[in-house]
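For reference, the structure is listed below as C-alpha cells.
The values are calculated or read from the model by the stated rules, or taken from the named source; none is laboratory data. The model shown is predicted, which means the values in this text are computed figures rather than measured ones. Here the Cβ positions follow ideal geometry from the backbone for every residue, glycine too, while neighbour counts run over all protein chains shown.
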There are 2 protein chains.
Amino acid sequence: MAGLRIALAQMNPVVGDLRGNVDRALEMYASAVDLGADLVVFGELAICGYPPEDLLLKPRFVADIDAALRRFADGIGTCPAVIGTVTGTPGALLNSAAVVCDGSVVGVYDKRDLPNYAVFDERRYFRSGDAPLELFEVAGVRVAVSICEDMWGSIGPHADLAVGGAQVIVSINGSPYHHDKDTEREEMMAGRARELGCPVVYVNQVGGQDELVFDGGSFAVDATGVLVARSPLFIEDLRVVDIEVADDSGDASLPVVQVSGAKEAPRPTVTDPIAPAIDGDAELYEALVLGTRDYCRKNGFTDVVIGLSGGIDSTLVACVAVDALGADHVHGVAMPSRYSSDHSLSDAHLLAANLEVDIRTISIEPAFSAFESMLEESFTEREAGLTQENLQSRCRGQILMALSNEFGWMVLTTGNKSELAVGYFTIYGDSVGGYAVIKDLLKTRVYDLCRYVNARDARETVPVSVIDKPPSAELRPDQRDDQSLPPYDVLDQILAGYVERDMTTDELIEAGFDPDIVRRVTRLVDIAEYKRRQAPLGVRVTRKAFGRDRRVPITNAYR
Amino acid sequence: MAGLRIALAQMNPVVGDLRGNVDRALEMYASAVDLGADLVVFGELAICGYPPEDLLLKPRFVADIDAALRRFADGIGTCPAVIGTVTGTPGALLNSAAVVCDGSVVGVYDKRDLPNYAVFDERRYFRSGDAPLELFEVAGVRVAVSICEDMWGSIGPHADLAVGGAQVIVSINGSPYHHDKDTEREEMMAGRARELGCPVVYVNQVGGQDELVFDGGSFAVDATGVLVARSPLFIEDLRVVDIEVADDSGDASLPVVQVSGAKEAPRPTVTDPIAPAIDGDAELYEALVLGTRDYCRKNGFTDVVIGLSGGIDSTLVACVAVDALGADHVHGVAMPSRYSSDHSLSDAHLLAANLEVDIRTISIEPAFSAFESMLEESFTEREAGLTQENLQSRCRGQILMALSNEFGWMVLTTGNKSELAVGYFTIYGDSVGGYAVIKDLLKTRVYDLCRYVNARDARETVPVSVIDKPPSAELRPDQRDDQSLPPYDVLDQILAGYVERDMTTDELIEAGFDPDIVRRVTRLVDIAEYKRRQAPLGVRVTRKAFGRDRRVPITNAYR
C-alpha cells in the first residue's frame, strides 16, 4: 500500500479579511509541514471567507482576492496546498480550488454544481465550471479535487474523477451547520467512498459568519467508507491523516498534473486522528456559543448586555453568553415594572450570581408613567391594552440600548423561534439588539438546553424555578403566555410544519391539528413577517431559520 | 396588410391572492372582448403575482396556482388570452406563459433565461425552459410568446421565433421600476423589433409589492420599431392596439398551434392608443406614491402617522402620503424637545395646514427626563453625548409606535438613502415604522422632489423655509448635519460610487475624492449595515437600493 499524509486545515476565516486569512492559512501550513504533510487542504473560498456575498460584485475585491492568492502562493514550498479562492473575470466568476506548490498555482478545479437554495445564492455570483477534469500527482499519488456541492449528488464529477484514475478525492467545503449535519456529511461521504472505491478527505471551514455557523467537523474516510480521521466541531483544528492507497490502481485516463515528488525524510508518527464526536443538546448549545462568540469578536465587541427577566429565554442566552465571552464580559439588567412578580427579580439575581455576571436593577416605572401621561390626551376614553404592554417592553429596549450606546456593549436579544414565528414580541422592545442568540430554537428546545446546562454543570446553574414556572411576559396583571397562544408543545408542532417544512394551512388541518388553532397560528406567522424583517439576525441551527433561509413576501394574501 | 387587435392588460395583482387575481383578470378580459380584441395579454406570473418568492417552495401553493389557472381558463371564450403562471412539478418548476382559449390551455411557453441578479432570485425557484419552440395562430396571424428576460439579450429564443415564422412577438413581464427604466425598455424592444423585422407587444404588471414598484408602461412597437401603443405608468390599464402584419410572411418553419379563427363582427374603432409619458421628478414621485399606496392597501392599512420635524425628509414623506392615501388618512405628530428650534414646530404646523392633515404636538421631555434620571446612576461621571441624542430619537419612536398600536395607523419612516447609508439615524428611533418612503432617495434628490411638488402645485406646499434651512437633527444645541457628515453634494457622489456602482474605497480615492473623507464615509457605510438590516423596507427607485438588491455581509473586514 502507498500512502499520502494529508493535513486537514480546518480554519476560521473572516469574510473580507484577505490579509488576515492568508496569514492564518500560512501559519497552519507551516504547522502541517512540521507534521510531515504531503498535502495541506483548506476550505472553500478560504482566501476571502465564505460566503462573501455581494462583495463579489466589486471587481476590485475580486482583483484583491487574486493578489491575496499570489501572496499565499509565495509562502508555499515543496509541500503543496489546496485552497478555495475566486477565479475568472467579473460577470463570469468561478468558485475555485487552487492547487499551489513551490510558489505557484499549478492547477485549478472549478465548482460545477452551484447551490442556489436555502441560504445559498451561488448562481448570483458564479458560473458553473466546465474545464476538462484533471488529476494532480502528489508524492506519487493521484489526487482529485472537488468542491462542496459537487460531491452531494450521487452523479457528478466525482464518478468521472474516480473512473479516470483518482486514488484519493479531496473535497473542500463551506458547509454551514444545522443540527446533526455533521453525521449526515460523514454518512454521505462514506457512501461516496464505497461507491467510488476511493478514499475521501473532507475539509470544512469553521466559525460564525452572521447567521451562519460553520461547524468544521472535517474528516477522512478510507476506500471502504471507514472513518480514519475527524476534526472536532466548532473550533479551528489542524491534523494530519495517512491515507492508504491501493498500489494496483493502474494508469489514469484523465490528464495528470505533476505537482510534487515523494518525501524521503522521516516523519513524526500520527497519533489519535479521530476527535471525539459531540451531538444532541451539547452540539446545539456549542453552535450557539460559537455563533455568538464569532459575531462579537469579528465585529469588534468584547462585552454584551442582556435584559434578565427571570424567564427561561434570557436565562439560556446568559448561559451561552458566558460560555462565549466569559462572565466578566456579560452584563445583566433587571428592569421590573408594576406587573413584575417577586420571583422574576429574585430568579434574575440568582442566575446572575450562579453565572458570576454583574447585574443592575433599573425600574422602568418613571419612563412608563411619563409615556402614559404624555399620551393621555391622545388616548382619552380608550382602555389600557396592547399599547400599554408594548410601551413597557419598549422602555426596556431603550434602557438596554442606552447602556449599549454608553458602554459599547452589544445587546443580546432573547427571543426564541416560537415567539418570533407568531409575533409574540414587541418590535423595538424585547426584540432590540445586535444578535439574537436563540432565534432559531423553538420554545420547547429552549427548555431542553436549560436542562442540558444543568446536567453538564451537575448543579442548578439555571434555577429550577425558572424551568418550572409557567411562561409569562408580565406586561399586565397575572398574564401567562398560554392566554394568548396554544400550549407550546402544540404550537411548536404547527410551527415546525408551517415554517420548517413548508406545509400550508390546509395541509396542517388535513394532518389532524385543530382547524381554528391552525388558522390562527398560520395567520399570526404571516402578519408577523414585517416584524421579523426588522429583528436582529442570530444563529441558524435548523434546516430552515427565519432569515435568508425563508424569503416570504410581507405583502402576501395567500392563506 | 393583415392585422391583429391585441389587448394590453396591465394588471395590478396581489401576491398570493389567487382568487382575487383571477377575478380581476377575468374582468379585464371581459372589457377587452368588448373592445374587439383578438388576443388579451396579461403579465408574468399574473395568476399568483410577481414575485411570489418562497411561497413557491410550498407544493400546495403550486397546486393552488394550477387550480386558479383552470378557473381562469373556465372564463375564457373564443378570444384567446396569454397569462403568466407556474407549471412543472415541485423542485422542477417553470415560469410559464399559458395560451388559453375556449376554456382550455392550448399551449405553454416556458421562460428560458432566469434572472438571478440584483433583486431577482429566479434560479432559486425555477428551472430553465427547454421545450421545443412553437407559434400560435390567432385570427390568422402567427404569434410568438416570450417572457421578460428572454428578450433582453440580443441573442435568445426571439431570433429563432422570428426566423421560424412569427408575425408578432408578445412578451409578458414582471419588470420592476427604477428611474427611467420605461424609456430603456421601449428603446430595447424597438431595437429588437427592427432586428427581427417583427412587431413586439410588451405587457408589464403594475403595482407595489414590498420594496418593488412595477411601473406598468406596457407598449407595442411595429416592425420598424415605431411606438404604436403605450399604457400609462403606475396605474392599471387596459387598451387595445391594432398590430399590422406583413401579408407576405411566407410559411412557418416552427410548429404552429391553431388557436382561434378570424373575427367577422364589426369592432369599435381604436382611439388614442399612446398614453402620454411622464419622466424626471414626476416619474420618481409617482413611483413613491404607488409604492406607499399599495403597501398600505395590500396590507390592510388605511391610515398612516408621520413624525413631522419641520425638516425636508418628513415634509416630502407627508406630501407623498397625502397623494397616496388622501389627507384624511394622514396624521402628523410634532415631538419637540429642549433642543427644538421654534421654526421646526412652526414649519411642521405650516406644512400640516398646507396639506390639510391633522397634527398633534407631544413634547418628549417627560419621557426623556425620566430616562435621564433612571440612567443617572449607571452613567455617573460620564458626559452627555450620543447616548442622550439616541434617547431623544427613541422617545419619538415610542410615541409614534404607541399611536400606531392604539389607532392602527402605520408609521411611515422618513429617513433618506444618504442617512441610511452612513448610519446617520437612530436604530429604534427615527428609523421605526412599517414603510420607509424615501429610503432609496439620496438627500440631494429629496430637495429636488420637494421643489417638484411646489412647481407642480404652483404654490409653496413645501414651506420655502424647509428647503432653505441647513439640515439638522436637533438632538443637541446648534447641531447641524454638516458637523458630522461631509456636505451632501460630496457625500452623495461618494455614496453613488460606493453603494450604487460597487466601487471600492481605493477606487474612489483614485477617482480623486479626498482620501480621508472617502475612508470615513465607506467605513460608516460598512458599520451601519447591521442597522440597515433592522430598518423597514421602502420603495426601490434606483438600480441599487438597500435591501434585496445589495446583500453585503454585516461581518465584513474588507476595507
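General remarks:
- Only one of the numbered conditions (1) among the aromatic types (F, W, Y); (2) away from chain B (no Cβ under 14 Å); (3) in contact (Cβ under 8 Å) with a residue 60 or more places away in the chain is not met by A:Y50, and that is (2).
- Index of the failed condition, A:L400 passing every other in (1) part of a helix (DSSP H, G or I); (2) surrounded by fewer than 24 Cβ atoms within 10 Å (Cβ to Cβ): (2)
- Members of segment B:501-518 found to be in a helix (DSSP H, G or I) and within 12 Å of chain A (Cβ to nearest Cβ), listed by number: B:T505, B:D506, B:E507, B:L508, B:I509, B:E510
- Being over 29 Å from A:A265 (Cα atoms), aromatic (F, W, Y) and out of contact with any His (no Cβ under 6 Å at 6 or more places or on another chain) is a property that does not hold for A:Y29.
- A:R451 being under 27 Å from A:S369 (Cβ atoms) and surrounded by fewer than 19 Cβ atoms within 10 Å (Cβ to Cβ): no
- Restricting attention to segment B:484-530 and to residues that are at pLDDT 95 or above and polar (S, T, N, Q), the residue that is farthest from B:T555 (Cα to Cα) turns out to be B:Q493.
- Total residues in segment A:219-248 satisfying the condition of being out of contact with any Gly (no Cβ under 8 Å at 6 or more places or on another chain), within 30 Å of A:Y285 (Cβ to Cβ), in contact (Cβ under 8 Å) with a residue 60 or more places away in the chain and not charged (D, E, K, R): the figure is 5.
- B:F61 over 29 Å from B:I243 (Cβ atoms), assigned by TED's automatic domain parsing to the domain that holds B:G20 and in a helix (DSSP H, G or I): yes
- So B:G415, is it assigned by TED's automatic domain parsing to the domain that holds B:R297, of a type in the set (G, A, S), out of contact with any Gly (no Cβ under 9 Å at 6 or more places or on another chain) and crowded, with 17+ Cβ neighbours inside 10 Å: no
- Members of segment A:204-226 that are in a strand (DSSP E or B), closer than 30 Å to B:D526 by Cβ and of a type outside the set (S, T, N, Q): A:V206, A:G207, A:G208, A:L212, A:V213, A:F214, A:D215, A:G216
- Some residue of segment B:63-76 being within 13 Å of B:V259 (Cα to Cα) and surrounded by 16 or more Cβ atoms within 10 Å (Cβ to Cβ): yes
- Reported count of residues in segment B:476-495, each being farther than 21 Å from B:K439 by Cα and not in a helix (DSSP H, G or I), is 4.
- Residues that are in a helix (DSSP H, G or I) and of a type outside the set (D, E), drawn from segment B:172-203: B:K181, B:T183, B:R185, B:M188, B:M189, B:A190, B:G191, B:R192, B:A193, B:R194, B:L196
- Checked against the criteria, B:R338 does not count as basic (K, R) and within 11 Å of another protein chain (Cβ to nearest Cβ).
- Checked against the criterion of being touching a helix residue (DSSP H, G or I) at 6+ places or on another chain (Cβ under 7 Å) and assigned to a loop (DSSP other than H, G, I, E, B), the candidates B:V521, B:V552 yield just one match: B:V552.
- Selected residue (only one of B:A92, B:A97 is out of contact with any Ser or Thr (no Cβ under 6 Å at 6 or more places or on another chain), of a type in the set (A, V, I, L, M) and more than 14 Å from every other protein chain (Cβ to nearest Cβ)): B:A97
- The set of residues in segment B:265-293 that are buried (at least 17 other Cβ atoms within 10 Å of the Cβ) and not in a loop (DSSP other than H, G, I, E, B) comprises B:D281, B:E283, B:L284, B:Y285, B:E286, B:A287, B:L288, B:V289, B:L290, B:G291, B:T292, B:R293.
- Meets criteria (free of Cβ contacts under 8 Å to residues at least 40 places away in the same chain, closer than 21 Å to B:A334 by Cα and more than 12 Å from every other protein chain (Cβ to nearest Cβ)) for B:A402: no
- A:S104 being at pLDDT 95 or above and hydroxyl-bearing (S, T, Y): yes
- Hey, B:L386 of a type in the set (A, V, I, L, M), surrounded by 21 or more Cβ atoms within 10 Å (Cβ to Cβ) and within 10 Å of chain A (Cβ to nearest Cβ) or not: no
- Considering segment A:361-383, the residues that are facing chain B (nearest Cβ under 7 Å) and in a loop (DSSP other than H, G, I, E, B) include one that is modelled with the highest pLDDT, namely A:I362.
- Candidate set: segment B:2-27, residues that are crowded, with 22+ Cβ neighbours inside 10 Å and assigned to a helix (DSSP H, G or I); chosen: the one nearest to the other protein chains (Cβ to nearest Cβ): B:L18
- All of B:Y558, B:Y498, B:Y530 fail the test of being within 9 Å of chain A (Cβ to nearest Cβ), assigned to a helix (DSSP H, G or I) and among the aromatic types (F, W, Y), apart from B:Y530.
- Breaking point among (1) farther than 21 Å from A:A139 by Cα; (2) more than 14 Å from chain B (Cβ to nearest Cβ), for A:P59: (2)
- Residue match in segment B:68-86 (condition: aromatic (F, W, Y), more than 14 Å from chain A (Cβ to nearest Cβ) and either under 29 Å from B:D242 (Cα atoms) or not in a strand (DSSP E or B) (or both)): yes
- Residues of segment B:197-226 classified as away from chain A (no Cβ under 14 Å) and either touching a His at 6+ places or on another chain (Cβ under 6 Å) or closer than 17 Å to B:A9 by Cα (or both), total: 13
- Filter pass, B:D323 being within 14 Å of B:L288 (Cβ to Cβ) and surrounded by fewer than 21 Cβ atoms within 10 Å (Cβ to Cβ): yes
- Residues (farther than 18 Å from B:A287 by Cα and either more than 10 Å from chain A (Cβ to nearest Cβ) or surrounded by fewer than 22 Cβ atoms within 10 Å (Cβ to Cβ) (or both)) located in segment B:534-547: B:Q534
- The listed residues are A:V138, A:V119, and the only one of them that is of a type in the set (A, V, I, L, M) and over 20 Å from A:P273 (Cβ atoms) turns out to be A:V119.
- Applying the condition of being out of contact with any helix residue (DSSP H, G or I) (no Cβ under 6 Å at 6 or more places or on another chain) and surrounded by fewer than 22 Cβ atoms within 10 Å (Cβ to Cβ) to segment A:88-103 and asking which residue is nearest to A:A30 (Cα to Cα) yields A:D102.
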